[in-house]
Amino acid sequence: MDNGAMISVVIPVYNEEANIPSLMERLRPVMKGMKRRYEIVFVDDGSWDNSLPILKDLTAEPEVRVVELTKNYGQHAAIFSGFSIVRGDIIITLDADLQNPPEEIPRLIRAMEEGEYDVVGTIRKERKDSVFRTFPSRLINIVARKITGIHMTDWGCMLRAYRRSIVEHMSECREQATFIPALAVYFAKHVTEIEVAHEERHAGESHYSLRKLINLQFDLVSSFSDFPLKLIMYTGLGMAFLGVSFAVMLGIARLVYGAAWAAEGVFTLFAALFAFVGFQFFALGVMGEYIGRIYKEVRKRPEYVIDKIYSSDSNGGSR
């Protein structure tokens, strides 16, 4: 690739007023040091603290643009909104909390250009997260490998590099809920990953609650596989077979041991009944999730709405 390839960095921001100044202090020299054309696209994802005013001040620099969304749509929707306006040939995604050091960006660029890769993922060395974050991350990694058929060690790290063609293909999908790393791999021909450093969160608290982590896991599964529905079907067949077998066994025992034995087995019947009912409710819940997501897709409501875009050559325009 031509060494003059432009680099775009997309950074979703949600209540990160304490981290933005430090992030720019570290990111600015990194980008200038590569001696390339670059841009930094911040996406304010409905922040209610002082993040947006701080970001708007940064647009005094011609390389910085700020996308203001109308409300909080979530990290992946915010990234897609940034993808919709990027100008670069290589696009880097980066969190604003400084857990992924901006100093690692040149290594991603080198890896992409030297190997002519479409996507460069990253592996966080010596993660500084709690068990609450690392355990769900391991589950996501396992599920993503099974669904995509591609062995990548760390699917959850936001610090990743994409070629522009991959970003354009992802933006054309217009899906209501998806998992960006897996979607990128779906379109990519050559994929790799490299190890990067990982740091403690610079300030503030993580915005990923248990509910959001569960939703992210289901976004991954439902967007790329119907495995849960098949699992329910096969489990249901297995339970039906066990139920019939159990009924036959009880019938034989009734004939052999008499009515007294059958009466004493009433609690066993209740236990089996409760197991079946519990599974039915679980199955209905999973199918309901799929139906709900189909409903969202049919409505075709936008995944995000951009209110204004701020840059040094404009005062922000509605969109």
Exercise. In percent, how large is the relative contact order of region 1-110, given Cα pairs closer than 8 Å and 6 or more residues apart?
Worked result: 41
Exercise. Of Lys35/Lys56; Lys32/Lys300; Lys35/Lys189; Lys32/Lys308; Lys35/Lys71, which pairs sit farther than 32 Å apart, going by alpha carbon to alpha carbon?
Worked result: Lys32/Lys300; Lys35/Lys71
Problem set entry | Positive minus negative residues near Asp49 (Lys, Arg vs Asp, Glu; Cβ under 9 Å) | -2
Problem set entry | Gain in span if fully extended, Arg28 to Asn141, counting 0.36 nm per residue against the direct Cα distance | 37.5 nm
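Please give the contour-minus-distance gain from Arg301 to Ile150: 0.36 nm per residue of separation, less the Cα-Cα distance, rounded to one decimal in nm.
Difference between extended and current length: 51.2 nm.
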Seminar exercise, completed: If R0 = 25 Å, then Asn50 and Glu103, at their Cβ-Cβ distance, give a FRET efficiency to the nearest 0.05 of 0.45
For this session: Sort Cys173, Cys157 so the one with the fewest other Cβ atoms within 10 Å of its own Cβ comes first.
Result: Cys173, Cys157
For this session: Please give, to one decimal in nm, the separation of the simple spin-label points placed at His190 and Ser171, each 7 Å out from Cα toward the Cβ.
Result: 2.4
Exercise. Three principal axis extents, largest first, for the C-alpha atoms of region 1-117, in Å?
Worked result: 42, 26, 25
For this session: For Leu255 and Met239, compute 0.36 nm times the residue count separating them, minus their Cα-Cα distance, and round to one decimal in nm.
Result: 3.3 nm
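We did not get these values from a lab; they are worked out from the coordinates using the rules stated. Keep in mind that this is a model prediction, so the values were computed, not measured. When we count neighbours, we look across all protein chains shown, and the Cβ atoms used for this are built from the backbone with ideal geometry, even at glycine.
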